[in-house]
1. So for Arg80, Arg151, fewest C-beta neighbours within 10 Å to most, what's the order?
2. Give, as a single signed number, the net charge of other residues whose beta carbon lies under 9 Å from the beta carbon of Met152, with Lys and Arg counted +1 and Asp and Glu -1.
3. Quick one: dipole size for the chain, taken about the Cα centre, charges +1 on Lys/Arg Cβ and -1 on Asp/Glu Cβ, in debye to the nearest 20.
4. Based on the Kirkwood radius over alpha-carbon pairs, what is the Stokes-Einstein translational diffusion coefficient of region 220-269 at 37 °C with 0.692 mPa s viscosity, in µm²/s?
5. Tell me which label goes with the value of Kirkwood radius over Cα pairs in Å computed from the coordinates here: (1) 32.8; (2) 30.4; (3) 29.0.
6. List the residues, sorted by chain then number, that are 5 or more residues from Val609 or on another chain and whose placed amide H is less than 5 Å from its amide H.
7. Explain nothing, just compute: Karplus ³J(HN,Hα) = 6.51 cos²θ - 1.76 cosθ + 1.60, θ = phi - 60°, for every residue of region 18-32 in order, whole Hz, x for Gly and Pro.
8. Take every Cα pair under 8 Å in region 1-86 that's 6+ residues apart, average their separations, divide by the length, and report that relative contact order as a whole percent.
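Readers should treat all values here as calculations from the given coordinates under stated rules, not as data from a laboratory. The model shown is predicted, which means the values in this text are computed figures rather than measured ones. Heads up, the Cβs are rebuilt from the backbone with ideal geometry, glycines too, and the neighbour counts pull from every protein chain shown.
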Amino acid sequence: MTGIEIEVDGRGVAVPEGASLLAAVLAAGIELPTLCSDDRLSPAGSCRTCLVRANGHIAAACVTPAVSGVRVETATDDVRQLRRDAVELIASALPSRALADGNPSELAQVCRSMGVGPEAAQATGGRGGDDSHPYVHLDRDLCIACGRCVRMCAEVQGTFALTLVGRGADTVVAPGTGGPWAESDCVACGGCVDTCPTGAITEPGPGRGLTSAHPPTATRTTCGYCGVGCALDVVTRNGEVTAVLPARDGPVNQGHACVKGRFAHGYLTSPERLTRPLLRRDGRLEAIGWDEALGEVARGLRKVIDTGGPDAVAAISSARATNEENYLVQKFMRVVVGTNNVDNCSRLCHSPSAAGLTASFGLSGGTDTFDDVERSDCLLVVGANPVEAHPVVGARLLRRVLHGAKLVVADPRAVGLALHADVHLRPRPGTNVALFHGLAHVLLAEGLADEGFLRERATGLPELAELLDDYPPDRVADLTGVPAADLVAAARLYGRARQPAIVYGLGVTEHLHGTDGVRSLANLAILRGAVGTDRGHGVNPLRGQNNVQGASDMGALPDLLPGYGKVTDPAVRSRAEAVWGAPVPARPGLRIPDMFAAARAGNLRALWVIGEDVCATDPDTNQVARALDTCPLVICNELFLSETARHADIVLPAASWLEKDGTFVNFDRRFQRVRPGVPPPGEARTDFEIVHAVATAMGIDIGCPTPAEALAECGRVAPVFAGLSHDRLERDGAIPWPCPDPGRPGEAKLYKERFATPDGRAHLAVSPYLPPGEQPDDDYPLILVTGRRWAHYNSGSMTRRGGNLTLDPIDFLDLNPDDALRYEVHDGLPLIVESRHGRARLIARVSEQTAPGQVFCSFHFPASGVNRLTSDHADTVTSCPEYKVTAVRVAVP
């Protein structure tokens, strides 16, 4: 036995150093009531329901440290009575409904286990409640002031939105702002609902009051919103979702969730869901049957192939679809159609990550697990706002910072983690490469680089050192606007840390020189020896959509097959051809922007868009719409009649992530199972079924009859996935790739022995700073940055159909007070925002979150037309659009 050895009711147990007596009691297999305790939270000891005798003294087990040799008694009559007295005292201050038969709360269950009946609850109530919030309701009469919700909000979520108010018996939980819950700082993570032991804080709706007479069914799945990959339990009754709960044993979320995964499932039953195929006749979309729809798709594709050749057809696969669906789509395009014209929305967000990380290290994914990142003593968070865009990751990073890790944030806006940073670098948009070179200059100049690592495991140092001579702090300050002293301070924090980690987002990639940005950022980890070693936790991109990593892993790319083998490589093609029994085209296909250009030019004559609202999310929207209107055949798989679907000739009703079977890959390369909680509505089908049906209608057996068999086949095409299967994921849970062997674990931390580059070394990038594609001028004096807000997701097609719209109903343009004064703008004023490419209508919100000369908005409300503003400038390597730098002007209509 190891750790601290103690005796509990005559039984010897061992617990780790720092553990409590409660942990020892639980280790002995004994349950105690713990109404103020949650194993995710710091102990409080306020309810006194976990009393035990320790070496003869009565003690609250949750706050009493375990000491070697102590003897604990839990079962003596007097100790049992003390616990019962404590529970009865708490119950006496509540109304009878708190202990009513069938009440599922933790307190009610404790009382039933102790024989404490409803008559113990003697209060009459009358303290009122708060039903202002769409997802969280408060019944003050049931509050016992245990503080679990307050600690959950502070310690796990890091929002600090709740507090306890009042004195003595009148103490209750309340929003910290003092007003209605809906107007508080609450971000609706649901943690307070999940931890409340009495039902004082609940989720409204059909999930309330479930009893054994109406047993619900719970299905474990993986969240279909952002790329964090939270494990969720979907609770259903009578075929309807009644609640979605975070899994306490979730490998990434560990019992936590955000407003989207936890609550934003109302879209499932929206009356706007597509339930039948639609066909355009005489300019209008009309409902038809599946047989007719499939016949039209098959005839249309065959006609285009016969008259224009296979390369006149293209498909945009979906980062929201499963791995198996993406695998099937790219196989369909290559085997059935005969073209490599397939791409996915990683083109618009993290294609520079794939290109940059591959060039620097050899593989396209992040280098380390998030669990390792969370153990870092210095976090460099660049171009990301995880508190809003990836809330579970943001909460875990903030928790690490609150426990002592140093934090450097590089972001033009003062939001999220930047408010807690030791150093906040605010570069002008488009100057990332100069900023990273400035940090690298300091690392070399001050001897903070790992010379042994650079000598043994890296290449390119002499060339980089020569380049960095041109980026001293003063010059970088001129280029970026970041004070030289802040640059030096940030470099020292990162350079002197024992185990630093880099986490970055779209603020690095969505630029004209996004790939250079990724590689220049990777230089810092290489210089520091912080990748592939125990001296750091590498470089880790936060993926935007739920399966943007997996869509690319599965080969839904114009130049790469599953597992990132190049289509130009005969050996890679030969392996795929042997599995598929069909030739694979050797010429790379069209990227998404090239597809639209080819459609406008008349060369692309059929486009299949699967689960992407390109008219809302792609840049220079006016030109995207023109491409769709020019293309003779546009097919769209969708949940709703999106902006893109309105331009389609055939619309196929698709299932959502809560209605699918398969797998997703999250941002740190973990494969996780996706299971259907409910069936699709009406005649809607999964994308997997739709692709199969289209292939069959074209007379081709595409194979892979089930998602499980599709993943197995993918492993034969791509050895990097050969060790993965649905059966193994059912047994072992989340598994990271590379995983070539079914008998061995996947590689969670990459490059421990060698890098995956041809020479086995990390490659330092020598990329000079080049300016962004657009610059402000007298006509367009402001720089627009686009991004996400906490309550919504992507084009908002799911989150705007439910309570999230109550929480965030308006599309704001954030601008600095100096600019508001200059343009005579005030909060709530409608604005016209114009760029060199188009115009949008937004509502002004004045805030110091943005710097003077910069404005910010989201793209969650397509009707506002934000992406009509963005340009066609794109990363020179990958064609990723430059969403983060658009010159605009504002005017009052």
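1. Numbers: Arg80 13, Arg151 21.
Starting with the residue having the fewest Cβ neighbours, the order is Arg80, Arg151.
2. Numbers: positive: Arg40, Arg148, Arg151; negative: Asp38, Glu155, Asp194.
Neighbourhood net charge equals 0.
3. Working: 86 positive and 106 negative charges, 139 e Å.
In total the dipole reaches around 660 debye.
4. Values: Rh = 10.9 Å.
Calculated translational D: 302 µm²/s.
5. Recomputing Kirkwood radius over Cα pairs in Å here picks out (3).
6. Ile316, Ile635, Cys636, Asn637
7. Along region 18-32, the couplings run x, 6, 9, 4, 4, 4, 5, 4, 5, 5, 7, x, 10, 9, 10 Hz.
8. Working: 158 pairs, mean separation 28.7, N = 86.
About 33 percent, as a whole number.
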